[in-house]
1. Considering only segment B:40-49, state which residues are open to solvent by 40 Å² or more (accessible area, probe 1.4 Å) and touching a helix residue (DSSP H, G or I) at 6+ places or on another chain (Cβ under 6 Å).
2. What single numbered condition from (1) modelled with pLDDT of 95 or more; (2) in the same structural domain as C:G133 (by TED's automatic domain parsing) fails to hold for C:I32?
3. If you take the residues of segment D:170-183 that are open to solvent by less than 20 Å² (accessible area, probe 1.4 Å) and modelled with pLDDT of 95 or more, which of them is nearest to the other protein chains (Cβ to nearest Cβ)?
4. Would you say D:N151 is open to solvent by less than 10 Å² (accessible area, probe 1.4 Å), at pLDDT below 95 and either over 21 Å from D:T87 (Cβ atoms) or not acidic (D, E) (or both)?
5. Filter segment C:96-115 for residues that are part of a helix (DSSP H, G or I) and touching a Gly at 6+ places or on another chain (Cβ under 8 Å); which is farthest from D:I171 (Cα to Cα)?
6. What pairs can you find where one residue is in segment D:28-43 and more than 8 Å from DNA strand E (Cβ to nearest atom), the other is among the basic types (K, R) and open to solvent by 30 Å² or more (accessible area, probe 1.4 Å), and their Cβ atoms are less than 8 Å apart, with a gap of 6+ or different chains?
7. Does C:K83 fit the bill of being part of a helix (DSSP H, G or I), within 11 Å of chain D (Cβ to nearest Cβ) and out of contact with any Leu (no Cβ under 7 Å at 6 or more places or on another chain)?
8. Mind telling me which of the residues A:G167, A:G89, A:G141 ends up being open to solvent by less than 10 Å² (accessible area, probe 1.4 Å), farther than 30 Å from A:E51 by Cα and within 15 Å of the chain's Cα centre (by Cα)?
Protein chains: 4
Amino acid sequence: MKKKMNTQDAIVEAAFTLIARHGLKGTSLSMIASEVGISKPAIYYYFPSKEELVDYLFHIVFDDHHFSAYFSINEYTKENFEKRLITDGVRYFEEYKHNSPALKVVHEFVLSAAQKPKYEKKLKSIMEQFLEGFEALLSYGVELGVISSKNTKVNAHSLALIIDNLGNFMILGIEMDYKKIWETAVSNVMKGSERF
Amino acid sequence: MKKKMNTQDAIVEAAFTLIARHGLKGTSLSMIASEVGISKPAIYYYFPSKEELVDYLFHIVFDDHHFSAYFSINEYTKENFEKRLITDGVRYFEEYKHNSPALKVVHEFVLSAAQKPKYEKKLKSIMEQFLEGFEALLSYGVELGVISSKNTKVNAHSLALIIDNLGNFMILGIEMDYKKIWETAVSNVMKGSERF
Amino acid sequence: MKKKMNTQDAIVEAAFTLIARHGLKGTSLSMIASEVGISKPAIYYYFPSKEELVDYLFHIVFDDHHFSAYFSINEYTKENFEKRLITDGVRYFEEYKHNSPALKVVHEFVLSAAQKPKYEKKLKSIMEQFLEGFEALLSYGVELGVISSKNTKVNAHSLALIIDNLGNFMILGIEMDYKKIWETAVSNVMKGSERF
Amino acid sequence: MKKKMNTQDAIVEAAFTLIARHGLKGTSLSMIASEVGISKPAIYYYFPSKEELVDYLFHIVFDDHHFSAYFSINEYTKENFEKRLITDGVRYFEEYKHNSPALKVVHEFVLSAAQKPKYEKKLKSIMEQFLEGFEALLSYGVELGVISSKNTKVNAHSLALIIDNLGNFMILGIEMDYKKIWETAVSNVMKGSERF
DNA sequence: GATGAATGAGCCTTCATTCAT
DNA sequence: CATGAATGAAGGCTCATTCAT
């Protein structure tokens, strides 16, 4: 699959794998180097410091991790709204099931954010953007008349909280009916949902 | 208040504060020793190794962090159920607002859990116990007739997911109407809640 | 001679010897440690960093290297002035002959001063203090009537320049009649010296 | 002026500038390469090793730094001797004022000489040649009858010591009346100088 | 002529840990 | 109870150097 990968990509991939396994601080350049099969200083040919390598990972991870990558608002219609919201959400947290290193690394960053102001700011904005994404989507649903106009913000935030944490619980391997939980959450924000 | 704290407690407290600030790996025994004002080897008098100190912290933290510490099911009645569920929940995540070291340390453990099987098991069980706590509480609500008998498990998990993540978002300093979100979540699981 | 020297002193001495031989940058903590016969981190028990060790050496060296350590103005009289000035000077640069590490280290600092502003300031003040020392001494000679009142400052500076550089040349092992040169220099500043 | 300088010269010039600023050991090939705007291995095309590059600089520096470059004995006459000696000397150490990299590099070499026998020998001979230059010049003055025949060697060495150290003090930025000092020194060796 | 890629050696520093006292 | 003194292992990083292209 990746016979002749270039060194830089190999470093990045190894870094992902190792950070997912041992954490940001628990992963040393030596470990990365030996995983890639190169010498330690070789890493410095591609990244000026460990910090910049980590920054690079940060960007890679979060450039793919934005609301519109999972929920494309322009494909939502009056007819498919609820269904679409459900399937998009499922698609989102199912990714966690496959346990990709990238997702664990996201968690590393979330945690380290509390200690590194540099990441904190960026991360906060990413999460806020997620919240705003849900808000925009629900507002659109209100426009379409499929969602009650009340409490749009609170509902959006609720959905965000649930879907985000579903991923966290999945990583820990806690068993719950993820799909049903999400369906119920979505249903709760829909106008005159089938619950009644 | 803590004039003559014994050394062991001082170590534990310093460890909490520092781990909250610098993370598990970012906190060294030197830092703890100098924070307490003792010599490094002194720590070894009380804890055979850093790992065992951390284990001790783990137990302290999670012995206080169980469902019934926040939600005392036996104080719930037909009349106060919803209100009580709301106020208990608010009390739970408001603790995060005060940014207590203990809570940040909980997060450290949650994260390191993914890397240390030893913690993973314990942590999983703690979280599952939380889930079960909500299940038991809601079941009791069903018994009391204030909660619909449908989807108890899903509803319980939804509440758990929301309240847990409200804390996470608070730590990051993301602004949302925490109380309203929780109220809505609770209201959604109540039978014939005021929303309708 | 120094069978049971304490570790700190041993480190300092080794540092002197090695810096004299290999220069400031050419001397590593490993070298010092192995010269002393201890492990590298042991040095950190006594000095928080290489830089602070070097600073310490700087102070040791220059605390002994001030004008009054060689020329005690209060012992100069009308009668012994010239003789005393000569012998004190000889005593000064004869020290260089024994090639003590400390003196070579002085030279290292003088050189590194051009690159490290921190040392530059201190060093400049030390040298200026030397210049002022000669000025004060010659002024005293004027008072005593053994030195012409003309050009005191220039004469003082000339003496300083000569005596300082005599040491430099000695270190390089260049052969010259050091004593005679100094005698002549002193004689030149004396009033009605025997030369005429 | 140096639009299309060839690479070798660019390397040499960059090396001079950087060594003047950071010292011999403090200057790495990477620094030189990036200053010149070439790749590190490119330097190896012109110089087989850092050591040989340094050797080359050594020769460049000291090929220009010899007595006759500053004092052209054949232009000295009975009439202009003193004046000429003064102006030539001033010209010599005024070069230090402009802080040319080459001069700082000279100092680097002087210092490293104490550590590298290879340079020590060469440097010693250069300095001795300076001493001999002054001796020859003063001998010529004796021939011309403008300088007393006594103590020629000592006088020559005194002049050398003073003029050399004037440069050193200048580099450190110590303020003194450089010109006057040199004038006095010259005057002291002249026969029946105006001092009397 | 010059470079991209890589390396072994070595540097300063920190860490968890030990042990005699 | 507690410390002073010390250590092996490891971490991030830089350096001079090499070599195929």
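1. B:K40, B:Y46
2. (2)
3. By that ranking, first place goes to D:I181.
4. Taking the combined requirement at face value, the residue does not satisfy it.
5. C:Y96
6. D:L29/D:K40; D:L29/D:K50; D:S30/D:K40
7. For C:K83, the condition - part of a helix (DSSP H, G or I), within 11 Å of chain D (Cβ to nearest Cβ) and out of contact with any Leu (no Cβ under 7 Å at 6 or more places or on another chain) - is not met.
8. Just one listed residue meets the conditions, A:G89.
The values are calculated or read from the model by the stated rules, or taken from the named source; none is laboratory data. Keep in mind it's a predicted model, so treat the numbers as computed, not measured. Positions of Cβ are backbone-derived with ideal geometry, glycine not excepted, and every protein chain shown enters the neighbour counts. In case anyone asks, the SASA skips ligands and DNA or RNA and just uses the protein heavy atoms, side chains included. Shrake-Rupley method; radii C 1.70, N 1.55, O 1.52, S 1.80 Å.
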